[in-house]
Every structure is written in structure tokens, then in C-alpha cells.
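Each remark here refers to the structure printed beneath this line.
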Amino acid sequence: MPQKIPRAPQGRKLNPLFVFIGLLTILLSLLFVRSFEPSQVFFSNDGPLGPMMAEMARLPATFTGLWQDLNSIGSNVGAEALNVTSLLKLIAGPVGFAKTYAPASLWILGLGAWFFFRQLRLSPLAATLGALAAVLNSTFFSDAAWGVASHEIALGMNFFALGLIVSNTSETPLITRWTRLALAGLCVGVNVMEAADIGALYSIFIAAFIFFKAVTSESEPGLRKISGGIAYVAIVAVFAGFIALQTVLGLVGTQIQGIAGTGQDAETKTQHWDFVTQWSLPKMETIGLLVPGVFGYKMDTPQNMMPALQDAYSGGVYWGGVGRDPNIDRFFDSGGTGSMPPGVMRFSGGGNYCGILVALIAAWTIAQSFRRQNSVFNAVQKKYIWFWTTVLFGSLLLAWGRFAPFYALPYQLPYFSTIRNPAKFLFFLSWAVVILFGYGVHALHRRYLEVPTAKASSFDRRWIFSCLGIFGVSVLGWFFYALKKTALVSYLQARGFADQDFAQQIIAFSIGQAGWWLVIFAVAIALLALVLTGRFAGKRAALGGLLLGAFLVFDLGRADLPYIIHWNYKQKYEVGSLNPIEEFIRNKPYEHRVAKLLPAPLSTPSQFGLFDQLYAIEWTQHHFPYYNIQSLDIVQMPRMPEDLQAYMHSLRIGIKQDAAGQYMLDDATFPKLVRLWELSNTRYLLGPAGFLDVFNAQFDPGKSRFRIVQRFDVVAKPNIARPQSLKSSPPSPMRTVLTPCLNSPAHCLVPNFIPAGRSTRTIKSI
């Protein structure tokens, strides 16, 4: 018998999934490298470390219910859902969770996106780049960095659900098909548990996709397609409802039923239109989807960024109109004469940059899908592309909110008016852009990279020339934008940035960001042109894929840097060195509450403004929950229960008009405030010491029960010569007072606070 010749050993190919997981883990570790430092935690505006350290929020007790007792007189906020976020909390603990939540959520998002693209039968390159585009998309990245990373976990679950759905074909065995739909339903349910109203909107889009997939199938007759689509949606909904039932009931009970302003009558909807749509995307700021930083980044950029980057992002504060009180917009629209109405001028903590390469390839994908001949996509892929294109443009129209007529249409639907902030529809826009990008990379890989030779078609040549034309128009636009610098500075001075030098710095940064984007845009066009003309075909395919990936990470990573903020939590929360005032009031906090001496409509005199910032930001939002100090002040409650609203309204100081029609405080209602402090067991008030006699005379006449417990100064941390804000304090210290309110025990008197010459710790703002 002839002897068998052993075959030469062949090297094993690396599993694309493991390669992607390794790449994603390394990338996120580099971006969040400061989290590895023991004293550093990641910034979180909506979920800071302080509230997580509060006893009321400790797991696993909150799985059975949570009474928020640290603000106002307390309120029911439902039970903690047994979801991915709570499990991470339980495993990592508050400090570990604060370090890892954002990167962990983005890791889950990336894994879900990769799974979805592979179930679409897209190439490993398309799956990898598509998943990276999702992770680094500024809408998702900045949202996770803002402290609501549960949204990104929800999106990861939705990608898993879509992957299970698209893996079903007419050849899939029936039991397998229904099992996948059931698992998809569980993923959708977790999405609702994580993202609440945003999760509910995600589930509507997924239901629409399931039905669309069924009715556009070519292997079934018409009526059967419709009935099958309804059945598929139903099974996903049943399993989603099964796992998310507790969350849904909790949301309805704490966010809709008995909540002020959630009525479904026409009058209530009209009254709350401004409140619901305040965070809308101004149409002009749509540019920010394609040009990062042109309207700035965060409200305080570059504060707390890595020191090496702060100079490069100086002047990068957000200066757009997202979050502006609609009354202020109406004031400017009417000519801006007279006194400006009160309200928020702007507020944003994130961005929505999609990436210029991502946008170019997504646009190329849409254009290719409409080609009747020689398209790179088959009939099924075209239909899916059209679905996500509809999601993209529909979401943009709704994201404009009060700045366009489109949002008013769904606003009339039952309970749609309970969803705040149209700008959240940018989540779905970015979702669609990422999916279209994945399809585009797959087509580029199949037609121009993996083949031995490739040539640009006439369509591709026209596409390249179109991009060059857009680039030329962009250069011209940038030139005219730069010429408008003086007018833009005046515009900013009228809209919250009165200091001319600072306004000039902001506009200079904006012009510079637009200029840098032109350079990146040019490189993106060149790179895409090289791919379309076959320069990376065959043996050079790996190089082409590497360059696409490297450019993608550079472009999106650069735009995400301002959102990577870390804090030294031991310094911020004065761990082991808490100032004596808070040290005193944290003693047996369950026996008393503290409150601001001058609540609205009273106002603290401007010379005590720094104390107002200290109290409203650092103490109530951070230190008080960290040390379980109960405060009567409401930190944040956009959806106030009707009974609590009625209670607080009935016990607040009123406003009246005098004979001349001027508004003034109604002194007859002063006793209401004292009664509120009595009923809520508020024993200690913090405010200017000079108001002691005024309060005894006007608020507690004949009894004079207010008295000073301890005076203290808010002064600078050592080595800060002339502080100007919460990072530092003014050169002359402000005198404030800690006073007991009503029936205070005799032992409330405490030793002197800070000896002369001694400074308090530095307080950093959020």
C-alpha cells in the first residue's frame, strides 16, 4: 500500500470574534486608562458616586423598593430592576461601578453590534468597523460618559435582538425560529429595563423592523406575510413584557400615574409643550452631526480633561441652543428688546458626531441602494437599507422638536407627551447611520478589497467628484464663517457670554474645529477614493482595512476626548477630611433635615453667590448623599408627584402685585415657609448670617426661635491666590451661618469652626 504523506501543518486563522473582543478591550482600556488609578472614578453627571454611596440606594435591598429620603420629604422611586446595570453595581460596588460603568456599557454595545452585523452575513471587516463606529459614535459615547450608560447597554441588547431576528430565514426550522424570537424578546425586555422611555421607543422601531422583514419576504404569499409579521411581533412583545413587567409597572407608577403634567387632555398637553420640548435640536446644529466641536463640547470644556489636552480644547464650551428655555428663544425671535425672561440659556453634556468616514460611506450606501443596475447590494439588502434610511431621516425630523412642525404630530398620540426631550431621537438616527455604514463597508470589502483587481465604475467616479464638490463648498463655507467672527462674538455676548475675550476665544475655537474638520474630510475622501479605484484590492486588502479602521478610530476618538473626565473622588468627597460643618450635620441625619436659608422665590444676595454654588452643586448633589445628609431641597425632580407638588406649593412664599403692577413677595405668606420647616423636621438652615434678625422679625415674630449655631467662611484651598469659582473662591471670604430651626435641642451648639488662617478643602463643580 502506498504510504500516506502527512500534510503540512497549516496555521489556524484567528477567530474574528476573539480578535474584535481583544481590540475593543484594548481600545476602551486606553481611553479610560485613568480609571485604573485607585483614587480616580469616571465623571457621571446623572449617576455620580455620592448618590450611589447613600444607604437608601444600596443593593440588594433596593430590589424590593426604594424610598428616596434624602431630598424634600421623600418620594417613591420604585424598585431597582434586576438588569445588567444593577448586576454590575452589585458585583463592583459603588467605587468599582463608578470606574467601570461607562466602558463596560460601551463594551456590551460593541459586542451586540458585532453580533448583529455577522448575523447579517456581513464580512468580519464590516462587523468590526461597524461595531467600532457604534462604540465611538459621539451620541452613544458622550451619553455613556454623562452617566446614563444604561442607554448604551439597552442599544447593545437591541443589536442582539436584531441579530437573532435577521438570522431567521424561510429555511430555519420552526422551533429554532420561535426560540430566536423568544430570545430576541428577552433582549428587548432588558432594553426597556435599562433605558425606560428610550427603551420603549427602541422596541417600537424593532417591532416595525420585524413586521417590515416579514411583509417584504419574497418566499411567502401576501396575507401570510402580514399574519406572520403580526405573530412575530407578538411573540417578541410577550417575552419582552414577561421580563420587563416589573419595570414597566414601576415606570407607570412613578413617572406617569399621579405625576403633575402627565394628563392626556388637550389643555395639559398644550401647557407642557415647552417643558417637554425644551431639549430639542436647533436645525442649524444638525451640522454638529458631521462637524465635531463647531458648537463646542460640554458646558465646561476643557475642565477636568487630561492636563495634556486642556490647552488644545480651551474655548471648547458648548454655545448652542440645546436646552434653552423656549421663552428665551421667543424673546430673541421677537427682536430681543426689553428684559430677557428668566430660564436656562443652554445645557448640554454630550455631542452627536457620527464620524465623517461613517457619514460618507453611509451616504454611498444609500445612493448605491437606489441603483437599478450593477448595485453592490442584493434585493433583500436594499430593502433593509431603505428601512434604516427611513429611520435616519424620520428621527432627524423628530429630533428638531419645537424647531420644526413634525414633532407636534406624534405629540398628540396617547402618552407620547410624557416623553421629554425630542433630541433623544438622535439615538435612533445614530443607530441607523451605524447600520448603513456597516452595509457600506461590507460592499466595499466584497467589491473593492477582497477581489484580485478592482476598478472604479462610472457611478463611483461621479461619487468621488461629488464629494470633491462638497469639499469645495465646505471650504468656501468655512472661509465665510471665519469672516463672520466679529458678528458671532456679538451674538454670543447677547446669549450668555458677556465677556468679550471669552466670547472671542469660543468663536476662535469653533472656527479652528471647522478648519481641522476640513483636513479630516479631505483625508476621508482620499481614502475612500483609493478604495473605490482598487488601490487596496487583492494582497493590499489588509492594508486598506487597517487604514479604514485606524482613520475611523482617530476621527471619532478625537471627537470623544472632551467627554473623558475623571475625578479624584477622595478629594471631591473629602474622604477622611470632611469639613466640620458637614461633619456636624451628618450626625444622626435621620433625626433632622437641613435646608437652604433662602429658598425660591427668595434669592441669595450676589455677594454670597459662591456659597449658593457650593450648596446647590457640591453639597446637595454630592456630599449630602455620600454622607446620608437629608436635605429639604429638591436637587432634581422633573416629574414631581401631584401630591408632593400640592404640598410644597401650599407651603411656599407667594408672589403678589403692588398698585403699580410690579411683582413682589407676599409677606402674608412668610409663615408658610416656617410651617414647612416645622412639618418636615428641618432643624438646620444654611445661609448668610446677616439674615438672622430679619428672619426672627419677619418670619417668626414674637418667638425669635432662629439662632446661630456656628459661623463659617467659604475660603480658598491652599496655593490658590485669587480664586474665582467653585474651583477657587473669591479673595474676601463670605460669612455664612448654620442655624437651627425651631425647637432645636440645647446640644446643637458646636465648637468654633475653622480657626483663623485655616482654609477649607477645594470644592470642584460638576
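Is the shape of the range 132-211 best called rounded, prolate or oblate, per the rule: a/c under 1.5 gives rounded, else a/b larger than b/c gives prolate, else oblate, with a ≥ b ≥ c the square roots of the Cα gyration tensor eigenvalues?
Verdict is prolate for the range 132-211.
Kindly provide the helix-only [θ] at 222 nm of the chain, computed as the sum of -39,500 (n - 2.57) over DSSP H runs of four or more divided by all residues, to the nearest 500 deg cm²/dmol?
About -16000 deg cm²/dmol.
In degrees from 0 to 90, rounded to the nearest 10, what is the angle of the helix 150-166 Cα long axis to the longest principal axis of the chain?
20
Would you compute, for the Cα atoms of the range 352-436, the largest minus smallest coordinate along each principal axis and list the three values in descending order, in whole Å?
Principal extents (Cα only, largest first): 46, 26, 17 Å.
Show log10 I(q)/I(0) for the range 91-172 at q = 0.13, 0.22, 0.23 Å⁻¹, two decimals, from a solvent-free Debye sum over equal Cα scatterers.
Those come out to -0.43, -0.93, -0.98, one per q.
Points 7 angstrom from Cα along the Cβ direction at A482 and A379: gap in nanometres?
5.3
Under a straight-distance cross-link criterion of Cα-Cα below 28 Å, which lysines are reachable from K89, leaving out those fewer than 8 residues away in the same chain?
Correct list for K89: K99, K298, K424, K570, K572, K588, K764.
Going by alpha carbons, how many degrees (0 to 90, nearest 10) lie between the helix axis of 541-560 and the longest principal axis of the chain?
10
Starting from the eigenvalues of the Cα gyration tensor, five times each then square-rooted, give me the equivalent ellipsoid semi-axes of the range 372-483, largest first, whole Å.
Semi-axis lengths for the range 372-483 are 34, 23, 11 Å.
Quick check for you: with a 1.4 Å probe and neighbouring chains kept, what is the accessible area per residue of the range 311-402, in Å²?
Accessible area per residue, the range 311-402: 41 Å².
At R0 = 60 Å, how high is the FRET efficiency between T270 and Q310 if r is their beta carbon distance? Nearest 0.05 is fine.
0.85
Given the convex hull over the Cα atoms of the chain, what projected area results after averaging over all orientations, in nm²?
41.5
Can you give the convex hull volume per residue for the Cα atoms of the range 28-89, as a whole number of Å³?
About 110 Å³ per residue, rounded to a whole number.
Which value in nm describes the separation of the simple spin-label points at H649 and V519, placed 7 Å from the Cα toward the beta carbon?
5.6
Using the Cβ atoms and a cut-off under 12 Å, what net charge is assigned to the surroundings of G496, where Lys and Arg are +1 and Asp and Glu are -1?
+1
Would you please report the Å³ per residue occupied by the convex hull of the alpha carbon atoms in the range 546-630?
Convex hull of Cα atoms, per residue: 169 Å³.
Show me the ranking of peptides 556-567, 395-406 by mean Cβ neighbours inside 10 Å, starting with the highest.
Result, highest mean Cβ count within 10 Å first: 556-567, 395-406.
So what's the net charge close to L82: Lys and Arg +1, Asp and Glu -1, counting the other residues with Cβ under 14 Å from its Cβ?
Local charge sum for L82: -1.
Run the numbers for N327 and L468: contour at 0.36 nm per residue of separation, minus the present Cα-Cα distance, in nm.
This chain segment gains 46.6 nm when fully extended.
Could you order peptides 472-484, 290-302, 135-147 by the average number of other Cβ atoms within 10 Å of their residues, highest first?
My ranking of the peptides, most packed first, is 135-147, 290-302, 472-484.
Which FRET efficiency value, to the nearest 0.05, do you get for D693 and A600 by plugging their Cβ-Cβ distance into 1/(1 + (r/R0)^6) with R0 = 25 Å?
About 0.65, to the nearest 0.05.
Write down Rg/Rh for the range 287-442, rounded to two decimals, with Rg from the C-alpha atoms and Rh from the Kirkwood relation over Cα pairs.
Checking Rg against Rh, the ratio lands at 1.06.
Rounded to the nearest 20 debye, what is the charge dipole size of the range 596-697 about its Cα centre when +1 sits on each Lys and Arg Cβ and -1 on each Asp and Glu Cβ?
The calculation lands at about 120 debye.
Only residues of the range 184-211 count here: report those whose backbone N is under 15 Å from the spot 7 Å along Cα→Cβ of T390, or say none.
204-211
How large is the accessible surface per residue of the range 23-97, computed with a 1.4 Å probe and reported in Å² as a whole number?
Solvent-accessible surface per residue comes out at 46 Å².
Percent of accessible area on the chain owned by carbon and sulfur, 1.4 Å probe?
Here carbon and sulfur together make up 62 percent of the probe-accessible area.
Mind checking the per residue accessible area of the range 440-537 for me, 1.4 Å probe, whole number of Å²?
Value returned for the range 440-537: 51 Å² of accessible area per residue.
Per the Kirkwood formula on distinct C-alpha pairs, the Rh of the range 1-144 is how many angstrom?
18.3
Give me the Å³ per residue figure for the convex hull around the C-alpha atoms of the range 460-504.
77
Could you work out how much longer the chain between L245 and I204 gets when fully extended? Use 0.36 nm per residue separation minus the Cα distance between them, nm to one decimal.
The L245-I204 span can extend by a further 13.1 nm.
Measuring from label point to label point, each 7 Å out along Cα→Cβ, what is the L17 to I175 span in nm?
2.2
Sorted by mean Cβ packing within 10 Å, highest first, what order do the peptides 538-547, 523-532 take?
523-532, 538-547
Kindly list the residues of the range 531-561 that lie in the label zone of E450, defined by a backbone N under 13 Å from the point 7 Å along the Cα-to-C-beta vector.
538, 541-542
How large is Rg/Rh for the range 474-621, to two decimals, with Cα atoms and a Kirkwood Rh?
Reported Rg/Rh (Cα atoms, Kirkwood Rh): 1.21.
What is the helix-to-structure angle for 379-399, meaning the angle in degrees between its Cα long axis and the longest Cα principal axis of the chain, kept from 0 to 90 and rounded to the nearest 10?
With both axes taken from Cα atoms, the answer is about 20 degrees.
The values are calculated or read from the model by the stated rules, or taken from the named source; none is laboratory data. Note that the structure is predicted; figures quoted are calculated from it, not measured. Backbone-built Cβ (ideal geometry, glycine too); neighbour counts: all protein chains shown. For the accessible areas, the whole protein counts, side chains as well, though only heavy atoms, and no ligand, DNA or RNA atoms are used. Shrake-Rupley method; radii C 1.70, N 1.55, O 1.52, S 1.80 Å.
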